[in-house]
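Only one structure is covered here, and it is reproduced in the block below.
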Amino acid sequence: MSRTLILVRHGQSEWNLKNLFTGWRDPGLTELGHTEAKDAGKRLKAAGQHFDIAFTSTLSRAQATCQHILDEMGQPDLETIRNQALNERDYGELSGLNKDDARKKWGEEQVHIWRRSYDVPPPGGESLRDTGARVWPYYLHIIQPHVLRGETVLVAAHGNSLRALIMALEGLSGPEIVERELGTGIPIIYNLNADSTIASKEVLEG
Ligand SMILES: O=C(O)[C@@H](CO)OP(=O)(O)O
């Protein structure tokens with residue numbers, strides 16, 4: 001039985017390109033982002049995948065990525081569930097600021113801690129732990145049951161909401177997750193055992 005979970009970070013957004021903290025703000029994809037998302041769908045199709053259900057966030061960059069993938073797979077009308085639990089980590093007061101300007105103001109190290117640490121929230125925003133506290137229960141109660149009944153499930157979401165999910169899935173520590181970066185539009189394919197542990201993992205690089 002195939003119990004397959006496929007995670008994809010959205011393609012490049014307008015604010016990724018402008019180097020702005022994004023969080024819950026809602027910019028669209030750039031031309032490159034649209035291409036990255038379509039390429040992800042092409043690679044998944046070439047790998048022989050076929051989805052039973054898709055999940056995405058309530059933000060348009062993830063939804064557009066999800067739809068491009070489904071279009072390329074020849075499954076444009078697949079049932080797709082949108083939920084705020086999968087939204088990007090809320091960047092609070094940093095949202096909309098330029099990342100280099102923030103480094104000049106608060107220092108390289110502080111900004112890195114806000115961006116990648118496990119439990120230090122940016123001012124007024126969520127830490128990765130806070131993000132995990134909404135992503136992980138949603139995964140466990142809503143997404144994982146589909147996987148464990150033998151379905152192939154797409155989750156198109158965000159750099160940090162997926163880092164929070166991957167941390168719990170792979171059992172990574174706080175220091176380990178600091179090093180983990182997700183490329184835009186790069187599918188990560190997990191096959192799970194019946195007890196929900198990971199049987200295999202493959203990253204579909206371009
Ligand atoms: O701006 C954001 O919301 C995220 C993802 O693009 O940025 P970071 O790379 O700092 O996690």
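D by Stokes-Einstein for region 113-200, Kirkwood Rh over Cα pairs, 37 °C, 0.692 mPa s: 238 µm²/s.
Only Cα pairs under 8 Å and 6+ residues apart enter the sum, and on that basis the relative contact order of region 54-103 stands at 43 percent. According to the calculation over all Cα-Cα pairs in region 67-159, the P(r) per 5 Å bin from zero is 3, 11, 18, 18, 14, 12, 11, 9, 4, 1 %.
Based only on Cα atoms, what Rg/Rh ratio does the chain have, Rh being taken as Kirkwood's radius? Write out the running numbers ahead of the final one.
Numbers: Rg = 16.3 Å, Rh = 17.0 Å.
Rg/Rh for the chain comes to 0.96.
Just from its helices, what would the mean residue ellipticity at 222 nm be for the chain, if runs of 4 or more DSSP H residues each count -39500 (n - 2.57) and the sum is divided by every residue, rounded to the nearest 500 deg cm²/dmol? Numbers along the way, then the final one.
Values: 9 runs with 84 residues, N = 206.
-11500 deg cm²/dmol, from helical runs alone.
When Rg and the Kirkwood Rh are both derived from Cα coordinates, the Rg/Rh ratio for region 66-117 amounts to 1.24.
For region 29-88, relative contact order (Cα pairs under 8 Å, six or more residues apart, normalised by length) works out to 42 percent. Pairs of Cα atoms nearer than 8 Å and 6+ residues apart set the relative contact order; for region 47-206 it is 24 percent. With the convex hull of the Cα atoms taken as the outline of region 1-108, the averaged projected area works out to 7.9 nm².
Exposure proxy shown here: for Leu128, Leu17, Leu204, Leu169, the number of other Cβ atoms within 10 Å sets the order, fewest to most, as Leu17, Leu204, Leu169, Leu128. Compared with the direct C-alpha span, the chain from Glu181 to Trp106 gains 24.8 nm at full extension, assuming 0.36 nm per residue. Annotation: amide H-H contacts under 5 Å for Ile53 (H modelled 1.01 Å from N, sequence separation of 5 or more, or interchain): Thr152, Leu154. A DSSP coil position with no more than 10 other Cβ atoms inside 10 Å describes the following GluC sites (Glu not before Pro) in region 108-206: Glu179, Glu181, Glu205. Given the C-alpha centroids of region 141-206 and region 59-134, what is the distance between them in whole angstrom? Comparing the Cα centres of region 141-206 and region 59-134, I get a distance of 16 Å. The count of lysine pairs in the chain whose Cα atoms are under 26 Å apart, excluding pairs fewer than 8 places apart on the same chain, comes to 7.
Computed from the coordinates by the stated procedures, all read-outs in this text should not be read as laboratory data. Just so you know, these numbers come straight off a predicted model, no measurement behind them. No Cβ is skipped: glycine too gets one built from the backbone with ideal geometry, and neighbour counts run over all protein chains shown.
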